[in-house]
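Worksheet: one structure, shown below.
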Amino acid sequence: MSDHIAPQLTTVTAFAPATVANVAVGFDVLGFAVGGFGDRVTVHARPGTQGVRIEQIQGIPDPLPLEPERNTASVAIQAMLADHPLPFGIALEIEKGIPLGSGMGGSAASAVAAVVALGGLLDAPVPAEQLLRYATAGEAVASGAIHADNVAPCLLGGLTAVVDTDPLDVVSIPVPAGLSVVVVHPHLKIETRAARLSMPREVSVVRHVRQSMHLTGFLHACFRDDAAQVGRHMVDLIAEDARAPLIPGFKDARGAALAAGALSLSIAGSGPTVFAWVEDHEVAHSVESAIRWTFQQQGIACDAWSGPVNRTGAHLCR
């Protein structure tokens, strides 16, 4: 299929928010979008050139690959161009707003912002399910596996569940009214690939059944708008035992968060970022302070954000 550039457009910028994957109870299944920060990708049409190149990456001190075959944004663009070829080259500028190795979906956000921006450059809209597929191909470069639990909420907003991967199928899950999120990022770095390697290769049938029960209870509580029951079922029997030891003070942070009124506290994606869900937004500040204090006791600086679940997802910047 052949597309044409939208009239008068040669440059488009898109924003994609940070995300929290797994949401404790749904490893590689659940994810939600966070407000406040994310990545921006600008796509330039470059007449007289061919292919995809990255012109600039800014916003973080860590080096990221400029080679098109190694960067999540450019790989996602290449996957999209295979279905939507253009008679000119594409250049990318990436502005990172999500720290690397933070567990907040930074690789997914760059891929999502890239395909949304390229979609804005075309004169015909590209369906969200196609954008999701392209972005997932890009995100796999960083994680070493095909999974959409960051990509889906980043693109669509809200809380999402991946119900199939072949073909990719994602559904939106309602978030209980009034629920607030507290996200705390300790200044540590955990590579996604390394975190996945720390996971157990097998899970017992008993543990699998218990986790399935909690996931069912979580989803039922979301559809019933029952925040208290949502918190009760946010239990991670799959990844937490392997990943919590990589985060100094994690257990203390959980205890402090619950004591301050949080419904739950768990690891965001592969960590080290942790997140808490809070039923009353007025309690969010106390929960945030309690979590920060536990990391400070470990001598670890951290950043924090509180607010509602981001229901908008990725979008073009006007």
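The values are calculated or read from the model by the stated rules, or taken from the named source; none is laboratory data. Quick caveat, the model's predicted, so the values are computed rather than measured. For neighbour counting, all protein chains shown are included, and Cβ atoms are generated from backbone atoms with ideal geometry for every residue, glycine included. Just the protein is used for accessible areas: all its heavy atoms, side chains included, with ligands, DNA and RNA removed. Shrake-Rupley method; radii C 1.70, N 1.55, O 1.52, S 1.80 Å.
Over the chain, dividing the summed -39,500 (n - 2.57) contributions of all DSSP H runs of at least 4 residues by the number of residues returns a 222 nm mean residue ellipticity of -10500 deg cm²/dmol.
Test of understanding: in a Gaussian network model of the chain with alpha carbons linked when under 10 Å, which of VAL141, VAL34, VAL151 would top the mean-square fluctuation ranking? Per the Cα network of the chain with a 10 Å cutoff, VAL141 tops the list.
Based on protein heavy atoms only, segment 112-231 ends up with 45 Å² per residue of surface accessible to a 1.4 Å probe. With log10 I(q)/I(0) by the Debye sum over Cα atoms at q = 0.08, 0.09, 0.15 Å⁻¹ defined as stated, name the option among (i) -0.29, -0.38, -1.20; (ii) -0.57, -0.69, -1.19; (iii) -0.35, -0.44, -1.14 computed from the structure displayed. It is the value labelled (iii). Based on the Cβ-Cβ distance of ASP241 and ARG311, what FRET efficiency does E = 1/(1 + (r/R0)^6) give at R0 = 35 Å, to the nearest 0.05? Step by step, r from the Cβ atoms, then E = 0.65. Using a simple spin-label model with pseudo-atoms 7 Å out from Cα toward Cβ, GLU69 and LEU258 lie 4.9 nm apart.
Here the label points at ALA82 and ALA124, each 7 Å from Cα along the C-beta direction, are separated by 2.0 nm in the simple model.
Distance between the C-alpha centres of segment 156-186 and segment 262-282: 14 Å, rounded to the whole angstrom.
Of all DSSP beta bridges confined to the chain, the antiparallel ones make up roughly 90%. Of all the options ARG243, ARG292, ARG232, the one that moves most in a Gaussian network model of the chain with Cα springs shorter than 10 angstrom is ARG232.
Evaluate the relative contact order of the chain (contact order divided by residue number), counting alpha-carbon pairs under 8 angstrom at least 6 apart; express in whole percent.
24 percent
Per atom type, the chain shows carbon and sulfur on 54% of its accessible surface, probed at 1.4 Å. The modelled label-to-label distance between PHE223 and ASP62, using points 7 Å beyond Cα along the C-beta direction, is 3.8 nm. Each Lys or Arg adds one and each Asp or Glu takes one away; over the other residues whose Cβ falls under 11 Å from the Cβ of VAL170, this sums to -3.
Charge tally for VAL116 (other residues, Cβ to Cβ under 12 Å; Lys, Arg +1; Asp, Glu -1): 0. Annotation note: GluC sites (Glu not before Pro) in segment 65-125 located in DSSP loop regions with a Cβ neighbour count of at most 11 within 10 Å are GLU69.
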